[in-house]
Ligand SMILES: Cc1ncc(COP(=O)(O)O)c(C=O)c1O
């Protein structure tokens with residue numbers, strides 16, 4: 001029986017006769033030699049296929065609807081470029097994401113700008129670039145835009161509303177519940193909408209809600225539609241992102257088709273016919289196309305067996321942030337029988353720097369390659385320099401060819417800002 005990790009690896013993964021993993025035709029031992037470890041490896045064809053799956057699922061059912069990729073899930077210029085090439089717009093939160101989206105060649109009209117604390121500088125970058133939609137989170141956004149938008153222009157905006165939907169995801173990634181720091185309650189949103197409608201610099205186009213992230217049941221996402229409809233009739237309804245991605249053998253998030261059908265059924269029931277629907281998937285768009293390849297640096301057999309790798313919370317904060325579970329395997333020994341329960345830990349000075357606990361593996365040796373599956377979302381995003389860690393490269397693989405789209409940081413990079 002093939003190793004179960006294949007179920008959650010990118011679609012282009014396979015196992016050689018000697019038990020070594022290949023991703024999109026590239027052997028992982030070759031990738032480790034060429035690019036070093038840790039490395040984030042992206043199956044480019046799988047990434048493109050997922051973008052197309054989303055676009056087709058939505059536009060085949062509703063031609064004037066559109067998908068914008070939530071760049072924060074994998075804010076690499078190369079990933080944004082793939083999305084642009086696949087006909088997907090870009091949701092950007094923050095000046096850097098706007099600038100990288102522009103470098104990726106996005107049509108500014110297809111950008112949606114978010115943020116609960118947008119600065120004047122960021123809004124200036126957005127307005128100067130000619131972004132399609134700015135999502136207003138608070139009245140200060142309106143004050144700033146009224147100062148920034150030139151007298152002969154009007155900026156199209158949406159207003160972010162708290163839909164009062166408490167989803168069954170981890171509290172740290174819920175955003176649509178009463179008391180959320182994101183968006184406005186319905187009465188406050190209604191007041192701000194009136195102000196925007198009277199503004200000579202802004203054009204009120206619609207409303208937005210985002211319930212949270214890693215949500216498995218699409219009915220929880222669709223539950224935001226009726227509260228948005230209650231705010232009035234608009235041209236645009238942006239229903240956010242949030243669909244769960246599959247990380248583990250026992251997780252089964254809804255399919256893209258199932259998710260889109262649930263949203264559009266709610267839209268048909270509550271929203272004006274012909275309104276433009278936007279969705280903003282992030283995690284579920286990119287997670288399954290990438291893996292992280294580590295080398296085992298230490299195996300400590302003591303009270304427990306600690307398998308320490310050459311990365312950790314410097315390249316994956318998802319475990320520490322909201323206890324995300326991952327699956328992993330020894331990438332060069334996929335035919336070996338799993339015989340011991342281990343704790344996979346990182347190299348950082350925190351007891352919380354645990355990648356997987358427990359994990360059943362063959363008898364692990366120093367220098368074994370460990371592949372952690374489904375690491376495309378929010379890993380590169382939140383990579384950091386804790387303990388002088390050099391952030392890993394992002395490597396695209398396709399048809400047996402590999403190319404780094406982001407190189408590993410160098411020691412010099414770590415001191416580039418020293419004055
Ligand atoms: C406004 C907004 N849209 C979309 C997303 C993407 O969510 P996900 O990555 O869960 O699909 C987020 C994530 O936090 C968000 O804040």
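The values are calculated or read from the model by the stated rules, or taken from the named source; none is laboratory data. Since the structure is predicted, the reported quantities are computational estimates derived from the model, not experimental observations. Positions of Cβ are backbone-derived with ideal geometry, glycine not excepted, and every protein chain shown enters the neighbour counts.
Checking the conditions here, which among 122, 97 is in a helix (DSSP H, G or I) and over 25 Å from residue 407 (Cα atoms)? It would help to see each step written out before you state the result.
Details: 97 fails: over 25 Å from residue 407 (Cα atoms).
Exactly one residue qualifies, and that residue is 122.
Does any residue of region 370-380 turn out to be surrounded by fewer than 23 Cβ atoms within 10 Å (Cβ to Cβ), in a loop (DSSP other than H, G, I, E, B) and not assigned by TED's automatic domain parsing to the domain that holds residue 82? Explain how you work it out, then say what you get.
Of the residues in region 370-380, the ones surrounded by fewer than 23 Cβ atoms within 10 Å (Cβ to Cβ) are none.
No.
Is there a residue being at pLDDT below 95 and within 16 Å of the ligand (Cβ to nearest atom) anywhere in region 197-211?
Among the residues of region 197-211, at least one is at pLDDT below 95 and within 16 Å of the ligand (Cβ to nearest atom), which makes the answer yes.
Here is a list of conditions, (1) in a loop (DSSP other than H, G, I, E, B); (2) within 16 Å of the ligand (Cβ to nearest atom), and residue 11 meets all of them except one; can you say which number that is?
Result: residue 11 fails condition (2) only.
Test residue 418 against the criterion of being free of Cβ contacts under 8 Å to residues at least 12 places away in the same chain and away from the ligand (no atom under 16 Å from the Cβ), and give yes or no.
Working: free of Cβ contacts under 8 Å to residues at least 12 places away in the same chain: yes; away from the ligand (no atom under 16 Å from the Cβ): yes.
Yes, satisfied.
Please determine, by comparing only the residues of region 289-321 that are closer than 18 Å to residue 386 by Cβ and under 16 Å from the mean Cα position of the chain (by Cα), which one is surrounded by the fewest Cβ atoms within 10 Å (Cβ to Cβ).
321
Can you tell me which of 65, 57 is crowded, with 18+ Cβ neighbours inside 10 Å, within 16 Å of the ligand (Cβ to nearest atom) and under 25 Å from residue 134 (Cβ atoms)?
Going through 65, 57 in turn, the sole match is 65.
Mind listing just one residue for me: the one in region 137-180 that is at pLDDT 95 or above and within 17 Å of residue 227 (Cα to Cα) and, of those, surrounded by the most Cβ atoms within 10 Å (Cβ to Cβ)?
By that ranking, first place goes to 159.
Can you go through 263, 221, 192, 239 and tell me which one is without any contact (Cβ under 8 Å) to a residue 60 or more places away in the chain and more than 25 Å from residue 55 (Cα to Cα)?
On the way: 263 fails: more than 25 Å from residue 55 (Cα to Cα); 221 fails: more than 25 Å from residue 55 (Cα to Cα); 239 fails: more than 25 Å from residue 55 (Cα to Cα).
Answer to the check: 192.
Having 1 or more residues that are surrounded by fewer than 24 Cβ atoms within 10 Å (Cβ to Cβ) and over 16 Å from the mean Cα position of the chain (by Cα) is the bar; report the helices (runs of 4 or more DSSP H) wholly within region 195-288 that clear it.
Here the list reads 218-222, 225-229, 256-270.
Do we find that residue 184 is in contact with a helix residue (DSSP H, G or I) (Cβ under 6 Å, 6 or more places away or on another chain) and over 30 Å from residue 359 (Cα atoms) in this structure?
When the stated conditions are applied, residue 184 does not pass them.
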